[in-house]
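A.B. asks: My questions all concern the structure below.
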Amino acid sequence: MKKRSMFHKITALALTAGMAVTMLAGCGGSGSGAPAGGSGGEIETYTFPLAEKAELSGLTSFPAGTESEPNNRTIFKRLEEQTNVHINWRTIQSDQWGEKIALEMSNVKTLPDFVFQAGFNDTDLLKYGKQGVIINLEDYIDTCMPNLQAVFEQAPEYRAMCTDENGHIWALPWIEQLGHEKTAIQTVGDMSFINKRWLDFLGLEMPTTVDEFEQVLLAFKENADKLKAEFGIDGDIIPMSCIMNDGDQDPAILINGFGEGYGDPDRGRHIAVTDDKQVICSATQEGFKKGLEWLHKLYAEGLIDPEAFTQEWSTYVAKGKAGRYGVCFSWDVANIAQVSMDELIAGEGWVPLPALKADVKNITPQNGSFTSGFDRGRCVVTAAAKNPALVCAWLDQMYIPIQSPQNNWGTYGEDDEFDIFEMSENANGEPMLKHAWLGDASPVEVREAESVNGPLAILDSYYDVYVTCPDDAQYRLDWIKDIYTPDMNGKYVFPNVLMSTEDTKTISNLQADITTRINTAKSDWVMNGFTDADWDQLQADLQAYKLDEYLSIFQKYLDNYYKD
């Protein structure tokens with residue numbers, strides 16, 4: 001009975017949010033990109049559940065090996081009951097999405113009302129908006145999306161991040177706040193981890209400088225036979241492994257301490273922001289040069305995996321799971337090494353490697369990380385939608401505070417063996433989703449089986465009110481706050497901004513040459529070393545690739561972001 005009562009309390013919360021739609025009035029858009037069917041007139045509003053069943057059409061993706069029919073998922077079953085809106089879905093398997101979605105978007109006449117799990121980049125959004133394939137949403141947000149409005153009111157930076165230079169919003173966002181600014185979970189992606197079992201067995205202290213770190217790696221190498229015998233390792237000991245130029249598997253975090261301490265926090269664009277609010281290229285800094293010289297020294301001493309420049313993810317993981325690494329890099333070491341969540345929470349087995357001092361001691365956060373997890377192009381409403389106001393009102397239900405965590409992670413009360421959540425209560429006796437203990441079940445697999453993703457928002461203020469923080473995020477948040485945040489000495493990161501079509505195209509064209517040149521030099525120099533002449537040639541090549549123009553565009557948007 002309690003479970004049934006709790007469900008009805010949740011339904012009441014959802015319906016209350018839906019009913020608020022009818023209290024809002026508004027006008028349709030005007031000018032370029034005005035909402036379909038709304039230009040110059042009043043946007044109709046809706047109360048959920050509708051008195052008569054309505055039907056809409058949507059397109060979404062699903063992970064391979066999971067339920068392919070969205071309406072068979074508990075989350076969508078409940079949403080249909082709460083709204084009396086039935087969605088006729090078309091689906092594409094996630095690993096085929098990239099190649100098929102462009103074809104889908106090429107013919108507006110065959111498009112559904114909305115694309116739920118679009119994941120469009122800025123170029124896509126601006127292109128489809130200009131072509132009239134998708135409609136702008138700002139008037140609908142203001143008129144019939146009170147839940148998203150509430151998110152924007154609490155965190156106005158997200159509305160700004162969704163809005164183009166003409167004031168248009170082309171998509172509904174995905175927002176996942178886990179920490180904020182220097183404590184945000186995204187500030188450090190390529191986290192470095194060290195094998196604490198090996199440290200303890202060899203009686204070694206946690207290194208705090210680059211010289212101490214080098215000595216630890218040498219100890220791992222010199223005591224390889226002892227480590228293999230003690231831990232039953234099959235295969236050669238690898239003091240340090242990584243995947244060069246591969247996102248979170250790259251070792252760039254190690255060079256933060258050289259020079260002025262910028263490191264290379266943005267491996268895609270190679271930019272950083274100074275305390276004077278100047279955008280710089282990390283690969284033109286003295287610290288980048290000195291850091292690569294040091295990494296080459298480690299490689300020449302046989303301390304870096306020789307496959308680090310060529311190995312695929314599967315190979316990287318296989319060697320890690322075999323227990324062969326002393327140091328590795330990833331978002332979460334559980335992806336790479338044999339270690340349990342209990343061990344990670346207790347600080348056993350594997351632990352994050354603190355900032356290493358060379359010239360300075362510093363961690364430069366990743367660009368865009370201060371506003372936490374954000375996808376500007378998560379969901380779009382197409383020009384084929386005959387009733388975009390109803391589409392937006394239904395999509396607004398995804399932003400109900402107790403709904404968004406379910407869409408993001410999974411739900412409760414499923415008929416299968418595992419649930420991400422159990423329904424509980426917060427300190428005020430109100431419904432709250434509590435993360436369930438999954439035992440040996442894979443959190444990723446359970447989430448993929450239950451979640452629906454799409455547009456949603458989870459703010460820091462929701463935790464312990466509407467939902468608990470997931471355990472595998474909490475220990476990473478603790479690592480960031482306790483180990484890395486104290487050494488984040490810089491003031492700024494480059495923000496997540498929506499550039500114009502022209503600037504987006506220019507940046508994309510320039511970035512292709514600039515990033516390729518930097519990444520190629522980085523891999524070559526760590527492996528083979530380099531001379532001052534090689535360094536000078538890199539700088540000359542970057543200028544030839546119009547680095548100054550590249551940086552000036554970023555600078556323009558940074559200045560605009562911080563203007564009074």
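A.B. asks: Compute the acute angle (0 to 90°) between the alpha-carbon long axis of helix 501-528 and the principal axis of greatest extent of the alpha-carbon atoms of the chain; round to the nearest 10°.
C.D. replies: Around 30 degrees separate the two axes.
A.B. asks: So, in Å, what gap is there between the alpha-carbon centers of region 456-525 and region 143-187?
C.D. replies: Here the answer is 15 Å between Cα centres.
A.B. asks: Here's something else I'd like to know. Please give the FRET efficiency for D471 paired with T66, using the beta carbon to beta carbon distance and R0 = 22 Å, rounded to the nearest 0.05.
C.D. replies: 0.50
A.B. asks: Counting other Cβ atoms within 10 Å, which GluC sites (Glu not before Pro) in region 410-462 have at most 16 and lie in a DSSP loop?
C.D. replies: Hits after loop and neighbour filter: E417.
A.B. asks: Calculate the dipole size of the chain relative to its Cα centre from +1 charges on Lys and Arg beta carbons and -1 charges on Asp and Glu beta carbons; express the result in debye to the nearest 20.
C.D. replies: Result for the chain is approximately 940 debye, rounded to the nearest 20.
A.B. asks: Could you calculate the FRET efficiency of R90 with T208 from 1/(1 + (r/R0)^6), where r is the beta carbon distance between them and R0 is 60 Å, rounded to 0.05?
C.D. replies: 0.65
A.B. asks: Would you work out the relative contact order for the chain, in percent, from Cα pairs under 8 angstrom that are 6 or more residues apart?
C.D. replies: That works out to 21 percent.
A.B. asks: Another question, then. Using R₀ = 51 Å, calculate the FRET efficiency as 1/(1 + (r/R₀)^6) where r is the Cβ-Cβ separation of E502 and K481; round to 0.05.
C.D. replies: 0.80
A.B. asks: Between 0 and 90 degrees, rounded to the nearest ten: what's the tilt of helix 286-300 against the longest Cα principal axis of the chain?
C.D. replies: Here the helix axis deviates by roughly 60 degrees.
A.B. asks: Taking a point 7 angstrom from the Cα of Q543 along the C-beta vector, which residues in region 270-302 have backbone N less than 17 Å away?
C.D. replies: Counting backbone N atoms under 17 Å from the label point, the list is 281-286.
A.B. asks: For volume of the Cα convex hull per residue in Å³, one of (1) 323; (2) 159; (3) 181 was computed from the structure I shared and the rest are decoys. Which label?
C.D. replies: (2)
A.B. asks: Would you mind working out the magnitude of the charge dipole of region 172-325 relative to its Cα centre, with +1 at each Lys and Arg C-beta and -1 at each Asp and Glu C-beta, to the nearest 20 Debye?
C.D. replies: 220
A.B. asks: Please give the charge dipole size of region 482-564, origin at the Cα centre, charges +1 on K and R Cβ atoms and -1 on D and E Cβ atoms. Round to the nearest 20 debye.
C.D. replies: Dipole of region 482-564, to the nearest 20 debye: 260 debye.
A.B. asks: Plugging the Kirkwood radius over Cα pairs into Stokes-Einstein for region 350-430, at a temperature of 37 °C and a viscosity of 0.692 mPa s, what D comes out in µm²/s?
C.D. replies: My calculation gives 183 µm²/s for D.
A.B. asks: Turning to a different aspect of this structure: Hey, what angle do you get for helix 547-561 against the long axis of the chain, alpha-carbon based, 0 to 90 degrees rounded to 10?
C.D. replies: 50
A.B. asks: Near G259, within a Cβ-to-Cβ distance under 12 Å, what is the net charge of the other residues, with Lys and Arg +1 and Asp and Glu -1?
C.D. replies: Summing Lys and Arg as +1 and Asp and Glu as -1 gives -3.
A.B. asks: Given the options V210, A171, S369, identify the residue whose Cα lies farthest towards the positive end of the charge dipole of the chain (+1 on Cβ of Lys, Arg; -1 on Cβ of Asp, Glu).
C.D. replies: A171
A.B. asks: Answer with one residue from V452, Y412, V115: the one whose Cα lies farthest towards the positive end of the charge dipole of the chain, charges on Cβ with Lys, Arg +1 and Asp, Glu -1.
C.D. replies: V115
FYI, it's all coordinate maths here, none of it is from the lab. Just so it is clear, the structure is predicted and the values come from calculations on it, not from any experiment. Note that we place each Cβ from the backbone using ideal geometry, even for glycine, and neighbour counts take in every protein chain shown.
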